[in-house]
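The values are calculated or read from the model by the stated rules, or taken from the named source; none is laboratory data. Since the structure is predicted, the reported quantities are computational estimates derived from the model, not experimental observations. Quick reminder, even Gly has a Cβ in these numbers, built from the backbone with ideal geometry, and neighbours come from all protein chains shown.
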Amino acid sequence: MLCMGATGLMVPHVGTPEQIRKVVSRAKFPPLRNRELEPICADDDFGLTSLEEYIKQANDETFIVIQIEDVGAMGRVEEIAGIKGIDVLFVGSADLALNMGIPGQVKDQKVLEAIRRVASACRGRGIHCGTPACDPEHCKRLLDEGVRFLTDSSDWRTLVSGFRQLKEAYGKLGLSFRQERSRLSPPWPPEAVRFLWGPLVLSMR
């Protein structure tokens with residue numbers, strides 16, 4: 001992925017320090033770690049960047065995010081935070097809640113305490129704690145706990161929110177809505193007016 005031009009890696013479900021050391025080792029060039037050299041690829045402008053500049057830039061700017069998503073990783077989070085080369089420890093709150101036996105309860109006190117512990121482990125080590133924020137109020141609480149790398153919602157939820165706004169806006173024109181699970185096969189009745197946005201078909205007759 002790095003050779004293809006990715007400027008960082010966000011690695012899920014790496015629960016042990018040994019696994020994480022392997023990830024970091026393959027992401028950084030010597031003298032930092034042991035990434036293999038392929039000097040003609042997308043991340044060095046296909047060989048147009050000098051080798052010295054390429055290695056320095058890759059080591060300085062490759063962004064490594066390790067996701068903490070189960071109680072096993074939480075049990076060793078202080079050790080994990082001490083591994084050189086990590087930029088962010090990201091608490092995957094949905095998976096962590098599931099692993100804790102409280103699926104969907106990402107705002108539960110147990111999850112918040114885990115986030116607090118990760119933030120504390122990151123503090124003073126030059127790395128940041130990250131996690132998703134569910135809403136502005138939740139985001140404020142996470143900031144107060146020391147989280148500094150935040151995501152909001154997801155691409156799916158953003159799309160659904162947009163579709164719902166379209167549904168409300170076009171519904172005022174008398175359009176009706178239904179989900180389309182198979183490919184539309186025109187022609188449809190000439191009196192039908194249709195707009196297709198992703199999974200939603202708006203139709204008016």
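Odds and ends about this structure:
- Neighbours by Cβ (under 9 Å, 6+ apart or cross-chain): first from the stretch 32-48, farther than 14 Å from Leu2 by Cβ; second modelled with pLDDT under 80: Gly47/Pro39
- Filtered residues of the stretch 13-31 (kept if within 18 Å of Ile80 (Cβ to Cβ), part of a loop (DSSP other than H, G, I, E, B) and not basic (Lys, Arg)): His13, Val14, Gly15, Thr16
- Condition check for Leu142: at pLDDT 95 or above, crowded, with 21+ Cβ neighbours inside 10 Å, more than 17 Å from Gly72 (Cα to Cα) and of a type in the set (A, V, I, L, M): yes
- Meets criteria (under 22 Å from Ile68 (Cα atoms), part of a strand (DSSP E or B) and not small (Gly, Ala, Ser)) for Met10: yes
- If you go through the stretch 8-32 and keep only what is over 14 Å from the mean Cα position of the chain (by Cα) and closer than 18 Å to Lys56 by Cα, you end up with Val24, Ser25, Arg26, Ala27, Lys28, Phe29, Pro30, Pro31, Leu32.
Results for (1) assigned to a helix (DSSP H, G or I); (2) β-branched (Val, Ile, Thr), shown as yes or no for each residue.
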| position | (1), (2) |
| --- | --- |
| Ile80 | yes, yes |
| Leu89 | no, no |
| Asp95 | yes, no |
| Arg117 | yes, no |
